[in-house]
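Presented below is the structure to which this report refers.
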Amino acid sequence: MGEGRHRRRPGGMLPPPQIMGEGEDRISALPDELLHIILLRLCSPRAAARTSVLSRSWRHIWVRLPRLILEGPDAPPPASFLDSVDAALASFSAPIVKELHINPPNSCPGVPALRVAPWLRFASQRLVGTLFLIAPLLISSILKPDVGGEEELELPVCEGATTIKLYLEHRWRLRLCPAGVFSALTDLVIKFCRMDGTELTALLSTQCPRLRNLRIQAKLVMLSDISIRSDSLESLWFHVRNMGQLEVITPRLEVLDVSQAIEAHLSAPKLAEVVWNVDTFDPCRHQFTDEGLHLRLLQINHNSLVASLLQRFDTVGELKLSVSISPEIAKYNSFLHETSKLPKCETLSVSSLWNNHGLTPTMFHLLRNCNSIRKFSVQLVDSSNPSLRQPCPLPCPCRLEESCKIDGITLDSLEEIEISFFTCSHEELEFLEQVSRCCVAILKKLVINYTPFPAPPLTKEACEKVRSKFHPNLEVEIYKDWRLVHFD
């Protein structure tokens, strides 16, 4: 047989195993890179710092970690958390840090801006990678953002930062340096603060030459116009209050999500997705130039569906609409007018939010004007609590018999229907029965996401009632709490 680890002495006896010398530390002999990996797996700078008591050679290992994650369930009490962050940054001896993540515990609200400023200065000097900073929000600053003294916080230029994510305080005014360049920055998120419009324009147009993804949610200190001129920007999520005119000139922009834009001028020839959160779309004040007539996604998230924007594009991959109609007849007539012409699309997704009119006539109106879809998705958010809905007046057009007829609706391309927040109400079952008559040709799949509250518990009889509305070969999936239901 093959020889073992130890050769036998004459007479068949094994030699005694080698005994590690007293005081020998094999772990400390590992390269620093491996020791850093070990300490990072602790997921706690405090725990990593405590390893310094193991031996003299370990005292300075943790202060050279490539990542500093100052957060977590083992965060110290609020009174000492800020001091622990200051101490960790002061002790850090490595020339660079690849990730700085600071997230005070929720029990530590009201962090002063002056305590955060040194953390940002540290990042500007050492960071080569990602900065993630969260300031716990004061409830009072959310409810009354304009009450209380304003605090200023300066964001110094971080030449090595590739990603910066700042979740700040509504009371804070984030000041931006007029000079310097964020030369490596590709992703920027700034939320919950006040900003100066001129400084913001300079930052986005001249100081971030490689910026690709931008998310801003803030309030300008005074009414100001904003101009974003960028050759690198690809995705823009811009929710800024107190803004006048928004100018966006971005040859590579593909995704636009905007709100609060009283006026907007957009030049983005590669635009593919638009999420419109503005209550109006006036072609005289909201100008799209250089864009094509096709979008991958058009999503309108407001009470007022804007006809001029819906008619701006000929074809859309997915059209997402939020339908929220108050009980007045004039509001329903306005809905009919705004959606009388819809772009040709493959997927129509509708969120019914506070729709106080009939489900079937409302949905049939949309399907009648968008009958080439392959998938129809409906979220019946208002059905989950019908007590909050107010009935519309008896003369409302949605109550007319012809509003529920399937005349003029030919869904020859429809392959899948998905309904969320389904409660198996009489109104919903009637809608299913009516829509089944329009798409018997090639419909392949029906997905139901059932809402157990305030609806009664889901039963086998309820599932069979849903299935009975369609032909027996149809694939039907019914989910409760987003889990597939099986009734044996």
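Observations on the structure shown:
- For Cys438, no residue 5 or more places off, or on another chain, has a built amide H under 5 Å of its own.
- Within straight-line cross-link reach of Lys341, lysines at Cα separation under 17 Å, skipping those fewer than 8 residues along the same chain: Lys320
- Taking N as the residue count of the stretch 93-235, its C-alpha radius of gyration divided by 2.2 N^0.38 Å amounts to 1.02.
- Mean-position separation - Cα centroids, the stretch 395-419 and the stretch 212-282, in angstrom: 36 Å
- Based on protein heavy atoms only, the stretch 350-488 ends up with 51 Å² per residue of surface accessible to a 1.4 Å probe.
- A 1.4 Å probe, protein heavy atoms only, puts the accessible area of Tyr167 near 60 Å².
- Each residue was assigned an accessible area with a 1.4 Å probe, and for His357 the value is about 0 Å².
- The chymotrypsin sites (Phe, Trp or Tyr not before Pro) of the stretch 362-443 include none that meets both conditions, a loop assignment by DSSP and at most 10 other Cβ atoms within 10 Å of the site Cβ.
The values are calculated or read from the model by the stated rules, or taken from the named source; none is laboratory data. Please read all numbers here as calculations on a predicted model, not as lab measurements. Neighbour counts are summed over all protein chains in view; Cβ atoms, including those assigned to glycine, are modelled from backbone coordinates with ideal geometry. Please note that ligands, DNA and RNA were not included when accessible areas were found on the heavy atoms of the full protein model with its side chains. Shrake-Rupley method; radii C 1.70, N 1.55, O 1.52, S 1.80 Å.
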